[in-house]
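In what follows, a single structure is set out as structure tokens and then discussed.
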Amino acid sequence: MYRGPAITLEQVLENRELRAERQREWVSTHSLPIVSFTINMPGSVKLNQISQIGFAAGQEQIRKACMHSGCSSFISQSFISDCGCESMSAVGGISPQDLKRLMIEVEDTHPLGRLFDIDVFDTQGVVLSRDQLGFARRRCFVCGRDAKLCARNRVHPLPALIDKLSEIIHANH
Ligand SMILES: [Zn+2]
């Protein structure tokens with residue numbers, strides 16, 4: 001499930017720059033709050049069965065959540081490459097804060113939500129944080145502690161992360 005094209009660190013950095021550029025572009029084009037969705041995939045393979053299943057499920061849930069909460073418009077585009085699965089969505093009829101709350105709910109309640117990385121930008125292009133809305137930080141999908149600390153300190157070896165992700169997909173797909 002993990003197999004796919006391996007990418008270099010240079011490609012990772014280039015892709016990060018491309019995403020930031022896209023985020024700015026979407027903010028200025030739409031003048032609406034923007035949702036930037038990516039799949040958390042550790043290691044050098046970003047496009048594989050795990051990321052594609054997770055992405056399809058997440059994209060569907062994001063759209064549904066927006067529609068069900070009465071948003072007036074939802075314009076979305078997916079970007080799939082060796083660097084992984086991503087999408088941008090411009091959402092009308094909702095405040096950036098409410099949109100962020102909605103996306104936190106998707107991350108925290110969807111069975112595959114631990115694979116999702118959903119950022120929300122306001123119309124000035126400023127990213128909203130869990131902290132500022134009083135939400136707890138995200139938990140590591142392996143050990144349940146602060147996910148940022150585990151990632152930064154590389155607490156879990158790659159095979160353990162891949163096993164856990166495959167297990168989450170199998171259990172929910
Ligand atoms: Zn952990």
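Each value in this text was obtained by applying a stated rule to the coordinates, not by laboratory testing. All of these numbers come straight from a predicted model, not from anything done at the bench. No Cβ is skipped: glycine too gets one built from the backbone with ideal geometry, and neighbour counts run over all protein chains shown.
Okay, here's what the table says:
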quantity: Tilt relative to the chain, helix 158-172 - C-alpha long axis, 0 to 90 degrees, to 10; calculated: 60
quantity: Residue with peak Gaussian network fluctuation, the chain [Cα springs, cutoff 10 Å], from Ser81, Ser129, Ser44; calculated: Ser81
quantity: Region 1-88: C-alpha gyration tensor shape, a/c 1.5 cut-off, then a/b vs b/c; calculated: oblate
quantity: Residue-span extension gain [Phe79 to Arg16] - 0.36 nm each, minus C-alpha spacing; calculated: 21.4 nm
quantity: Computed E for His170/Ser31 - FRET, C-beta separation, R0 41 angstrom, nearest 0.05; calculated: 0.45
quantity: 222 nm mean residue ellipticity, helices alone, for the chain (DSSP H n ≥ 4; -39,500 (n - 2.57); rounded to 500); calculated: -14500 deg cm²/dmol
quantity: Helix 9-30 axis, angle to the chain major axis (alpha carbon atoms, nearest 10°); calculated: 10
quantity: Cysteines in the chain that, by Cβ-Cβ distance, have no pairing candidate under 4.7 Å; calculated: Cys83, Cys85, Cys143
quantity: Region 140-173 versus region 8-47: alpha-carbon centroid distance in Å; calculated: 21
quantity: Size-normalised alpha-carbon gyration radius of region 14-61, reference 2.2 N^0.38 Å; calculated: 1.33
quantity: Normalised contact order of the chain, rounded percent, pairs of Cα under 8 Å and 6 or more residues apart; calculated: 26
quantity: Net charge contributed by nearby residues that have their C-beta within less than 11 Å of Ala136 (K/R +1, D/E -1); calculated: +1
quantity: Cα pair distances of the chain binned at 5 Å [whole percent]; calculated: 1, 8, 17, 20, 22, 17, 10, 4, 0
quantity: Spacing of the two label points (7 Å from each Cα toward its C-beta) at Cys143 and Glu105, in nm; calculated: 3.2
quantity: Convex hull of region 70-172 built on C-alpha atoms - directionally averaged projected area, nm²; calculated: 8.0
quantity: Per-residue Cβ neighbour rank within 10 angstrom, fewest leading, Leu161, Leu18, Leu99; calculated: Leu18, Leu161, Leu99
quantity: Packing-based exposure ordering (other Cβ within 10 Å, fewest first) of Phe121, Phe135, Phe74; calculated: Phe135, Phe74, Phe121
quantity: Simple label model, 7 Å out from Cα along Cβ direction - Gln124 to Gln52, nm; calculated: 4.2
quantity: Neighbour-count order for Leu47, Leu165, fewest beta carbons within 10 angstrom listed first; calculated: Leu47, Leu165
quantity: Extension gain, Lys64 back to Arg152 (0.36 nm per residue minus Cα-Cα distance, nm); calculated: 28.4 nm
quantity: In degrees, nearest ten, helix 49-68 long axis to first principal axis of the chain (Cα); calculated: 20
